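Input: a single structure, listed below in structure tokens.
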Amino acid sequence: VQLQASGGGFVQAGGSLRLSCAASGIILSISEVGWYRQPPGKKRKLVAAIPRGANTKSADSVKGRFTISRDNAKNTVFLSMNSLKPEDTAVYFCYALMGNREFWGKGTLVTVSS
């Protein structure tokens, strides 16, 4: 399975971006898809995820501003980000869990200026 993330870029505070993550290859039962982010010099942390058969989950820091969604027909997961803040600046990585395996995209950089 290959994951290709896109949609990152440079935006001013208060702006919006929409990230996409398209999966290709042999896709079997996916138990969870989502996004992590890694700010400069910091650890990677969960942003939002869609577990199979459960409600979406998201970090407190993005609640009310970011929305995760998926298009099963296109094997794509999205992260809509509104009211962006400088502290949202990070490399954003999408991931998918299939059985006991994790798959990761290469990451897309989001830069929010103040």
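Here are a few things to note about the model shown:
- Lys, Arg +1 and Asp, Glu -1 on Cβ, resulting dipole of the chain about Cα centre, debye, nearest 20: 140 debye
- With every protein chain in place, the chain: carbon and sulfur % of accessible area (1.4 Å): 50 percent
- Taking each residue as 0.36 nm, the span from SER80 to ALA22 lengthens on full extension beyond its C-alpha to C-alpha distance by 19.4 nm.
- Using C-alpha pairs below 8 Å separated by at least 6 residues, the relative contact order for the chain is 37 percent.
- When peptides 72-84, 100-112 are ranked by their average number of other Cβ atoms within 10 Å per residue, the highest-first order is 72-84, 100-112.
- Value of Rg to Rh for the chain (Rh from inverse mean 1/r over Cα pairs, i.e. Kirkwood): 0.96
- Count of Lys pairs (Cα-Cα under 25 Å; at least 8 positions apart or interchain) in the chain: 19
- Normalised per residue, the accessible area of the chain is 56 Å², obtained with a 1.4 Å probe and no contribution from ligands, DNA or RNA.
The values are calculated or read from the model by the stated rules, or taken from the named source; none is laboratory data. Keep in mind the model is a prediction, meaning the values are calculated, not measured. Using ideal geometry, Cβ is built from the backbone for each residue, glycine included, and neighbour counts are taken over all protein chains shown. All accessible areas refer to the heavy atoms of the entire protein, side chains included, with ligands and DNA or RNA removed. Shrake-Rupley method; radii C 1.70, N 1.55, O 1.52, S 1.80 Å.
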